[in-house]
Amino acid sequence: MNDKKKNTAKEPSEVYETAAKENVDKLNPILFQSIEKSKKNHKVGAVISHEEAMLKIKERYPILK
């Protein structure tokens, strides 16, 4: 990195030379359906908190305690 670019702030898409949300339409149909299902579940409130999820994981895998 040279001195000119050292103190410049850029968007991550510019830094990594990627385009954000460009490939959304090209997702695998099954993955797209899964994401849509998750969004619907979240809107309805059929989700659990992070704490609840961690408790279930710790119960299932006692080595993580």
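When you look at LEU55, is it open to solvent by less than 100 Å² (accessible area, probe 1.4 Å) and either modelled with pLDDT of 65 or more or of a type in the set (A, V, I, L, M) (or both), yes or no? Against the criterion (open to solvent by less than 100 Å² (accessible area, probe 1.4 Å) and either modelled with pLDDT of 65 or more or of a type in the set (A, V, I, L, M) (or both)), LEU55 does not qualify. In the range 18-45, the residue that is modelled with the lowest pLDDT out of those that are of a type in the set (A, V, I, L, M) and surrounded by 10 or more Cβ atoms within 10 Å (Cβ to Cβ) is LEU27.
Would you pick out the residues in the range 44-61 that are among the aliphatic types (A, V, I, L, M) and in a loop (DSSP other than H, G, I, E, B)? Answer for the range 44-61, where residues must be among the aliphatic types (A, V, I, L, M) and in a loop (DSSP other than H, G, I, E, B): ALA46, VAL47, ILE48.
The values are calculated or read from the model by the stated rules, or taken from the named source; none is laboratory data. Worth saying up front: this structure is predicted, and the values here are computed from it rather than measured. In this analysis, Cβ positions are derived from the backbone assuming ideal geometry, glycine residues included, and neighbour counts consider all displayed protein chains. Please note that ligands, DNA and RNA were not included when accessible areas were found on the heavy atoms of the full protein model with its side chains. Shrake-Rupley method; radii C 1.70, N 1.55, O 1.52, S 1.80 Å.
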